[in-house]
Amino acid sequence: MQEILTEQQWQEFDERGFVVLGRLFDDKTLGALQQRIDDIMLGKADCDYDRIMMQLDSTDGSYTNAGPQSYGHKGATLDYRKIQQLEYDPIYLEYMQRPIFKHICERVYGVGTDISCFRAMFFNKPARKGTYLPWHQDRWNNLDRDPLITVWTALDPCSEANGAVKLIPGSHKKGCVNPSHGSGFMTEEQAQEHCRPEDMVYLELEAGEVALLHNWVMHSSDINRTDIPRRGFSVCYMEAATRTNRGGSYPVVFGEDALVTYGEESLVDS
Ligand SMILES: O=C(O)CCC(=O)C(=O)O
C-alpha cells in the first residue's frame with residue numbers, strides 16, 4: 001500500500017485542487033469502516049453517542065429540510081445525512097491517524113507541526129434519497145487561519161448517479177469566493193460565474209478509494225438516484241494552533257496531546 005504521495009500526485013493536487021490517491025488500505029479496513037458507520041446509525045455501536053453529532057437526511061432532497069445537526073442518536077435508521085465528531089469513535093480515529101495522513105499533513109503544514117481535526121464527518125446519500133449540497137468552499141470565518149486540506153474516503157462506489165461530489169478543477173486558485181460556509185454557501189450568481197457545468201467533474205471513486213481535496217476547491221453534490229448508498233468519510237486536517245474567535249481549539253490528531261484510541265490492540269487491522 002502507498003505510504004507517501006508522489007511528486008506527480010502533489011503536482012496534480014496543486015494544479016487541480018484535488019487528487020485521487022486510490023486505495024490506501026485493504027478490504028478489512030474498508031469492511032470495518034462500513035460496518036462501524038452502519039452500527040452507529042443503527043444504534044448498535046459502543047461509541048459515546050453524546051459526543052457525536054448526528055443529522056437525519058431530508059425527505060425531499062432539500063438542504064434546508066435536513067434534520068437538525070445535534071448531539072446524540074436519532075433513531076435506528078440508515079437515513080442519516082451527516083455524522084460528525086467521528087474523531088471520538090475509536091475505529092474512525094485509528095483510521096484518521098494512519099501514517100499516510102500524517103505524511104500529507106507534514107507536507108502541507110510542515111514537519112513537526114501539530115495537527116488537529118476541524119471535523120471528521122460521515123457524509124451519506126442513502127439509496128434513492130440524499131440531500132442536494134449547494135456549491136461552496138470549505139472555510140469558516142470564525143477561525144484565525146484557514147484549514148487547507150480534506151481527505152475524502154469513499155465507503156461505497158461513488159458515481160454521478162449516486163451523488164458523487166462535484167468539483168471545479170483549479171477553482172482553489174481563485175481564493176476565497178464565499179467568505180465562510182458557516183454563514184452560507186455561494187450565492188446563485190457566484191455559482192453561475194464560477195461553477196459552470198462544462199468545467200465540472202465528478203469525484204467518481206471505487207469503494208475504499210481516497211481523494212485529497214484543497215479546502216478552497218469549489219464543490220457540491222446531488223441526491224442519490226440509485227439503489228446503491230453513497231457513504232463517504234471526510235476529514236479536515238488543520239494546524240493544531242488554529243483558534244476560534246473565542247479562543248477555542250480542536251482535538252489534536254497528530255502531535256502533543258493527540259487523541260488516543262482505546263489502546264493496545266489495533267481495532268482496524270491493515
Ligand atoms: O460528501 C459530500 O457530498 C460533500 C463533501 C463535502 O462537502 C466535504 O467533504 O467538505
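Over all pairs of different C-alpha atoms, region 80-176 has a mean inverse distance whose reciprocal, the Kirkwood radius, equals 15.7 Å.
Could you list, in their original order, any pairs among 44/129; 129/174; 28/173; 74/173 whose Cα atoms are separated by more than 31 Å?
In this structure, 129/174; 28/173; 74/173 lie more than 31 Å apart at Cα.
Per residue, the solvent-accessible area of the chain (1.4 Å probe, heavy atoms of protein chains only, all protein chains present) comes to 44 Å². Dipole of the chain computed with +1 at Lys/Arg Cβ and -1 at Asp/Glu Cβ about the Cα centre; of 66, 31, 19, farthest Cα towards the positive end is 66. Within the accessible area of the chain, the carbon and sulfur atoms contribute 48%, probe 1.4 Å, all protein chains present.
What fraction, in whole percent, of alpha-carbon pairs in region 7-254 exceed 33 Å separation?
Of all Cα-Cα pairs in region 7-254, 11 percent lie more than 33 Å apart.
Excluding the site residues themselves, the longest part of the chain lacking any GluC sites (Glu not before Pro) in a DSSP loop with at most 11 other Cβ atoms within 10 Å is 4-255.
The values are calculated or read from the model by the stated rules, or taken from the named source; none is laboratory data. Since the structure is predicted, the reported quantities are computational estimates derived from the model, not experimental observations. Note that we place each Cβ from the backbone using ideal geometry, even for glycine, and neighbour counts take in every protein chain shown. All accessible areas refer to the heavy atoms of the entire protein, side chains included, with ligands and DNA or RNA removed. Shrake-Rupley method; radii C 1.70, N 1.55, O 1.52, S 1.80 Å.
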